[in-house]
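Before any comments, here is the structure.
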């Protein structure tokens, strides 16, 4: 123990506050405020404070020495603590894992691999050694990343709409009962498709390491979008006492093939790039030709959401194909395998096809039905053109893109 004049040195008095009652907070913050290279003097008079301070310093990796006071008083301690701060790697944090940078724009923020021992920690946090492993199947950036996931999430947050405020549910229908039945049939078909579009990303959400939080958030809000669509489509079906219409075995088989796909990128390709991209065309058709303003507005809002989902799927695939060009062959094989597995099904049921024709027609006259049929044929061409264009963007040559577009399920999704 040394004797020194401490009058000019940084000193705090924790008085009667014990380390079991928060004294460590005063010491910790005083240490953080020290100029580089200086030590902190600490005094106090709580029972047992010196032993408590010694234990705390050991745990934190700080060096503790005791300094004898030059003129001790009877009612004061005869020594004072001197703490030299340890490094950030000392004490209980000496083996802590570094998890990248909290700022997603910082260099090296999003790391190529997120180990299981990082667990649920925020990106940028230091994780204490001994934390439990929490395994996530999707823990590699090249398997799941999308460069603009954060931007798409921000757009989605700003574009959220409240079905109660955004839509006029008090609208009066003036169209034919047959046309209303057609709307209900199409909405019934759309509900089951949106059920699949909700479940596919939801299934992968729990498999994504939280280090890749931007992608996780973008998928989570995509799930929320689909839940809202399902709510609104069901509500539209029930307008005027309506009930859901028909659901076919072929349609269910087509959607089940999406749910069964275990690969994140392949599932996103089949669902978002091909299925939801085609679905955007269908919603745009309804926005243009539905018989009432409520249905047209529902379709317009849903189409805007679905376009973001397609953009996220495209962004992910463009990123992954840069890392793994051979994935392109696997994507083509997935389209072919899905086509072959559904070859024995009827695809789009005739009730939905006929309902679209009647919606396009607006009435039951030969001239109107002919017009509605032509509109649906144009819709089919636009769907195929959209798939073809997206496939070209993903690097497929023209012949292959045209072939794969034609192989896409006749059930649209």
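The values are calculated or read from the model by the stated rules, or taken from the named source; none is laboratory data. Quick caveat, the model's predicted, so the values are computed rather than measured. No Cβ is skipped: glycine too gets one built from the backbone with ideal geometry, and neighbour counts run over all protein chains shown.
General remarks:
- Residue tally, condition touching a residue at least 60 places away in the same chain (Cβ under 8 Å), surrounded by fewer than 17 Cβ atoms within 10 Å (Cβ to Cβ) and closer than 30 Å to residue 319 by Cβ, over the stretch 354-393: 2
- Taking helices (runs of 4 or more DSSP H) as the structural unit, those lying wholly within the stretch 211-307 and holding at least 1 residues that are touching a strand residue (DSSP E or B) at 6+ places or on another chain (Cβ under 7 Å) correspond to 213-237, 264-268.
- Condition met for residue 397 (over 28 Å from the mean Cα position of the chain (by Cα), assigned by TED's automatic domain parsing to the domain that holds residue 187, within 22 Å of residue 313 (Cβ to Cβ) and exposed (fewer than 15 other Cβ atoms within 10 Å of the Cβ)): yes
- Enumeration of residues in the stretch 115-153 that are under 21 Å from residue 321 (Cα atoms), in a loop (DSSP other than H, G, I, E, B) and touching a strand residue (DSSP E or B) at 6+ places or on another chain (Cβ under 8 Å): 139
- Evaluating residue 156 against the criteria (1) assigned to a helix (DSSP H, G or I); (2) at pLDDT below 90 leaves one unmet condition, (2).
- Test result for residue 158, free of Cβ contacts under 8 Å to residues at least 24 places away in the same chain and on the phi > 0 side of the Ramachandran plot: no
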